[in-house]
Every structure is written in structure tokens, then in C-alpha cells.
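Reading through the C-alpha cells given below for one structure.
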Amino acid sequence: MKNGNRLGVGFVGSGFNARFHLQAFRAVRDADVLGVWSPSKKHAEQTAALARRLDVGQAKAYRSIAELVADPAIDALWLCGPNFARIENVEEIADTVAGGKGELKGVACEKPLARNVAEAKRVTELVKQAGIATGYLENQLFAPAVIQGRAIIWARGAALTGRPYLARAAEEHSGPHMPWFWQGRLQGGGVLNDMMCHSSLVVRHLLTKPDTPLSSVRPVRVTGHIASLKWSQPTYAKRLQRTMGKDVDYAKQPAEDFASVMIEFEADGGAIVLGEATTSWSFVGAGLRLSAELLGPEYSMSWNSLDSGLKLFFSREVKGKAGEDLVEKQNAEIGLMPVIAGEAAAYGYEAEDRHFVRVFLGRDAPQLTFDDGLEVVRLLMTAYMSAEQGKTLGFPPRGLDAFVPAVARGTWKP
């Protein structure tokens, strides 16, 4: 292992999300990205080259996860691979460490921790048995607007007039980049499993007093609803299959493209507070839209990521290639468009990566661990169960640990 002043970071996965983290690591001063593993050697080499180009570390591609773990230069791993490979990836990490072939200061895992509760428990047990510290990567909790808005609301509004009682959060865009996200069996569900992990945790976080644990605001009742509003329509199902390939067939095996959840929490002291979250793959706008609100007796806060201070206008004569140079999940290239300057910072990746680097260097206590990721998966599965049963459920409901959503089994019909 290297000295304790800097953290050598390796990436498991080389896709869209890993590249966002690489952008964020430009703002992390005490870490170096030194390795990338991917099932595709070509993709691993391309992502390692990007890390070197961004000057975040002299990264190289590795032949296996075990080789990555065994390298003394690698102190911690960022798990950014697909949901369906999570257990396999973590097993290889844990086996390498447990076998004395490598040593890690920590493992940070992207959302969601796993596809269902049984898998999330397995992942959590594996790293604990191997004695590895963990971090759960949930970037929206680290978004500057969320950090500052929450701090001021609690310090001024809540301190003087009473705690907040309603939080709302939403993440909406027109759909994921890669085919596996659209397949319930591989991803673990649809938009609820993919993005409600963000929004459900954001509302709980906003309702939790700073410097107190999430457990001080406990979920007690959950109401979930899912729907396929757009992508199972015949025209769009055909378009989706042309874009994503024959295995994505929403005419036969759809996943939900809209989800909502109402979570009733009981706070320390007995207060009942509410979290309302929605997620969508059927939103058509400039691009990805993140939003949050927090309301109390005499105050409120609101955040919308598309309320950008920078806007550009292009007439019909500006006919360029489709891209995402203005905003993630961009839907247009002409007209009046908001520009998110520094998305990695605005969405919370920079602060998140800075935090977990400090955690694994022993400088900070973790804000989120795999245990928190497991709790999020429990909430998501309860929301699916509620949607399937058409009723509000107490949390946690019976049978949760063995539950697999109908969407993930390929049997759900809108």
C-alpha cells in the first residue's frame, strides 16, 4: 500500500457513470485514478486513457478485478459496473482480499447497491466478511444546492419555527443510454430501481437534521405506483427496439418508465413527516431534470437543475450532430437551451468523490455505507410490492428479503 497521504483508486466498470466520476476527480486533490477494469479490454483502455488525458492519474487497464485488487498501488475501488454483475464483481474482490492476495482501504459502490434485497444483503455481507470499509455513492446528496439549501433551512427556518414536514424530489429524463438498463431481468426493474434510489434517499436526507443519523427519521409506511406511460406504446416500443436492439422488446416485456412513492417517516420525538418522490424515463425536456423541495411551518426551499444561469439559443439554421454537450440526456440541439456548466459539480459527483476519498484515507466518517445502500434497496422493493398489491404497506413488509419485482421477472403488464 502507498503512504497515507494519497489514495490510489481503481475503477470496476468503464461506462457513462465511470466517466462522470473521472470528470469529478479533477476536483479531488488527494487521490489518483490508477486503474480500470472492464469486461471489454478496449473500453478499459479507453477509460484509462481518458483518466490520463484529464490528468487525474496515470491509469492503466487491468486484465481482471483480482489483478486490480492485488496491485499495491490500488488502495480503493469505485464499483461502477452494471447491476447484474454486482455480486460477481464483489465476490472477486472479497475472495482476493480474504485470500491474502490483495489489500484495500475501501470500496465505494454506485447506486443501486443491488437488484433486490437478497442480492444487497449478499454484497454487504461479502465486504464485511473481508473486512473492507464501504461507501455508498449517492451523488445527489452531495449536490451543492442540496447541501447548502438543507443546511440553511435547518439552521434558520427549522431552528426558529419547527422541523420540516414535507420533502419532494424527482429525477426525470428521456431514458438510459445502454440496452441493459431497459431490461428488467438485468437491471432489476425499470425506472423505480434505476433512479428512485436517488429520490427516495434525497427526501429522507432533507428531512433529517444535519449531524444526526438517517435512522433518526425512520420509514414506517410506503405507497408505490408504477406505470409505462410512453415506451410500451407500439410506435415507441418499435423505436426503442431499433435503438437498443432486439433484446429490448417493450411490446412483450416492458419495464416501468414512471414511478412514484410516498414514504411516511416517524422522526425522533414522534413527529410524522412525509417524503414524496417521482422518477421518469418518459420526460421530454431540455434533458435530465433533477429537482427537490423542502417545506416547513414558515419556510421552503426548491431546486431545479435546469434553472441554469446559462442559456444558449440556436436557430433552425444551426444543424449539428446530436450530442450531450449542453446537458446530460439532451433532447434537442436548436431553440433556447439551458446549459449546465460543470455537471460533475452540479450533480454532486465532485463533493461525493472528495468525501469518500477522505473517508478511505481515515480523515472523515462516512456519510453513507453499504448498510445505507441496503436500506435504500429495502425501500425500493417495498415500493414495488406496494405497486403490485395496490395498497400502502407498513415498512418493512413480510417477505421482503425474498421478493423480486414482477418487472424483474419479466411478467409485469402495464
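The values are calculated or read from the model by the stated rules, or taken from the named source; none is laboratory data. Just so you know, these numbers come straight off a predicted model, no measurement behind them. Backbone-built Cβ (ideal geometry, glycine too); neighbour counts: all protein chains shown. To get the accessible areas, we keep the full protein, side chains included, count just its heavy atoms, and leave off ligands, DNA and RNA. Shrake-Rupley method; radii C 1.70, N 1.55, O 1.52, S 1.80 Å.
Quick notes on this one:
- Pairs with Cβ under 7 Å, 6+ apart, first in region 152-175 and under 17 Å from G269 (Cβ atoms), second open to solvent by less than 70 Å² (accessible area, probe 1.4 Å) and assigned to a loop (DSSP other than H, G, I, E, B): W154/P210; A158/P164; T161/P297; G162/P297; R163/A271
- Count of region 214-239 residues, restricted to those that are in a helix (DSSP H, G or I) and either of a type in the set (K, R) or more than 23 Å from the chain's Cα centre (by Cα) (or both), is 6.
- Residues (open to solvent by less than 10 Å² (accessible area, probe 1.4 Å) and touching a Gly at 6+ places or on another chain (Cβ under 7 Å)) located in region 201-243: V203, L207
- Test for Y250: is it among the hydroxyl-bearing types (S, T, Y) and either free of Cβ contacts under 8 Å to residues at least 40 places away in the same chain or surrounded by fewer than 20 Cβ atoms within 10 Å (Cβ to Cβ) (or both): no
- The criterion of being open to solvent by 70 Å² or more (accessible area, probe 1.4 Å) and of a type in the set (D, E) does not hold for D257.
- Checking each residue in region 295-337 for being without any contact (Cβ under 8 Å) to a residue 12 or more places away in the chain and of a type in the set (A, V, I, L, M, F, W, C) picks out only A322.
- Residues that are open to solvent by 30 Å² or more (accessible area, probe 1.4 Å) and under 19 Å from S291 (Cβ atoms) within region 306-344 comprise D307, G309, L310, K311, N331, A341, G342, E343, listed in sequence order.
- Condition check for A51: in a helix (DSSP H, G or I), farther than 22 Å from D353 by Cα and among the aliphatic types (A, V, I, L, M): no
- Residue in region 354-396 that is surrounded by the most Cβ atoms within 10 Å (Cβ to Cβ), counting only those that are free of Cβ contacts under 8 Å to residues at least 60 places away in the same chain and touching a helix residue (DSSP H, G or I) at 6+ places or on another chain (Cβ under 9 Å): P396
- If only residues of region 175-186 that are touching a Leu at 6+ places or on another chain (Cβ under 9 Å) and open to solvent by 30 Å² or more (accessible area, probe 1.4 Å) are counted, the one that is nearest to N116 (Cα to Cα) is W180.
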